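The values are calculated or read from the model by the stated rules, or taken from the named source; none is laboratory data. Remember, it's a predicted structure, so these values are computed and weren't measured experimentally. Ideal geometry is used to build each Cβ from the backbone, glycine not excepted, and the neighbour counts take in all protein chains shown.
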Amino acid sequence: MFLKDVYRPEFIKVNLEAEDKEEAFEELVDHFCGVSGIKNRQPLLKAIQEREAKMSTGIKKGIAIPHGKTNTVDRVCGVLGISKKGIDYDALDGNPVHLLFLILAPEKDSETHLRLLKRLATLLDDPQFYTELALQPGAQDAYEIIKKYEEMLVAGSI
């Protein structure tokens, strides 16, 4: 599974307004539901909150990957949120988060979910990817950065 298939422009929200992680979850889930047409956001929020309760998904400086499993979705999907001001996230390093890669997966699709997490982790090892992505003014611009770096990864230059 490719990031460019999950984080298409309509599933990218720049200029997140949230100030803390709970607000960010709600804002991202609301955006996802608005685009995907899902009416009941509660199972999505619950899946993310339950996973987050186990351990913070604020994994690297400025980056969080909140994720959860729910049968409300029939395939792995997600939303990328970009916050210019940063979000108080209770991240492992104590720093605010600027990029939130929300991932939602069906209960029985652990393999695709893990492959997507691995691909994302590989890209996030390149500090230039984070820097360029965080600076993008619009969803289409952010999408182009994801495509660019993913193509470099596939080509073996990352």
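Below is a table of values for the structure above.
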{"item": "Pick from region 76-91, criterion of a type in the set (Gly, Ala, Ser) and either surrounded by fewer than 16 Cβ atoms within 10 Å (Cβ to Cβ) or in contact with a helix residue (DSSP H, G or I) (Cβ under 8 Å, 6 or more places away or on another chain) (or both), ranking: farthest from Ala24 (Cα to Cα)", "result": "Gly78"}
{"item": "Tally of residues being assigned to a loop (DSSP other than H, G, I, E, B), under 19 Å from Glu144 (Cβ atoms) and either in contact with a Ser or Thr (Cβ under 8 Å, 6 or more places away or on another chain) or among the acidic types (Asp, Glu) (or both) across region 5-34", "result": "1"}
{"item": "Region 1-47, residues that are more than 19 Å from Ala134 (Cβ to Cβ) and among the hydrophobic types (A, V, I, L, M, F, W, C)", "result": "Met1, Phe2, Phe25, Val29, Phe32, Cys33, Val35, Ile38, Leu44, Leu45, Ala47"}
{"item": "Residue under evaluation Lys108, criteria (1) among the basic types (Lys, Arg); (2) under 20 Å from Ile12 (Cα atoms); (3) part of a loop (DSSP other than H, G, I, E, B), criterion not met", "result": "(2)"}
{"item": "Pair list, Cβ < 6 Å and 6+ apart or interchain, from region 1-24 residues that are in contact (Cβ under 8 Å) with a residue 12 or more places away in the chain and farther than 10 Å from Ile87 by Cα to residues that are of a type in the set (Lys, Arg) and surrounded by fewer than 17 Cβ atoms within 10 Å (Cβ to Cβ)", "result": "Met1/Arg115; Lys4/Lys147"}
{"item": "Of all residues in region 25-36 being of a type outside the set (A, V, I, L, M, F, W, C) and touching a residue at least 24 places away in the same chain (Cβ under 8 Å), the one that is farthest from Leu80 (Cα to Cα)", "result": "Ser36"}
{"item": "Test: residue in region 28-36 that is in contact with a His (Cβ under 8 Å, 6 or more places away or on another chain) and either surrounded by fewer than 22 Cβ atoms within 10 Å (Cβ to Cβ) or aliphatic (A, V, I, L, M) (or both)", "result": "no"}
{"item": "Those residues of region 51-75 which are at pLDDT below 90, crowded, with 21+ Cβ neighbours inside 10 Å and not in a strand (DSSP E or B), in sequence order", "result": "Thr57"}
{"item": "Neighbours by Cβ (under 7 Å, 6+ apart or cross-chain): first from region 79-97, more than 25 Å from Val6 (Cα to Cα) and modelled with pLDDT under 90; second assigned to a strand (DSSP E or B) and of a type outside the set (Asp, Glu)", "result": "Asp90/Gly58; Leu92/Gly58; Leu92/Ile59"}
{"item": "Near pairs, Cβ below 6 angstrom, 6+ apart or cross-chain, from region 37-52 (farther than 10 Å from Thr70 by Cα) to any residue that is of a type in the set (A, V, I, L, M, F, W, C)", "result": "Arg41/Val29; Arg41/Cys33"}
{"item": "Residue in region 54-73 that is at positive phi and in contact with a His (Cβ under 7 Å, 6 or more places away or on another chain) present", "result": "yes"}
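Yes/no per residue for (1) among the small types (Gly, Ala, Ser); (2) part of a helix (DSSP H, G or I); (3) out of contact with any helix residue (DSSP H, G or I) (no Cβ under 7 Å at 6 or more places or on another chain):
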site	(1), (2), (3)
Asn95	no, no, yes
His98	no, no, no
Thr112	no, yes, yes
Arg115	no, yes, yes
Leu120	no, yes, no
Leu123	no, yes, no
Tyr130	no, yes, no
Pro137	no, no, yes
Asp141	no, yes, yes
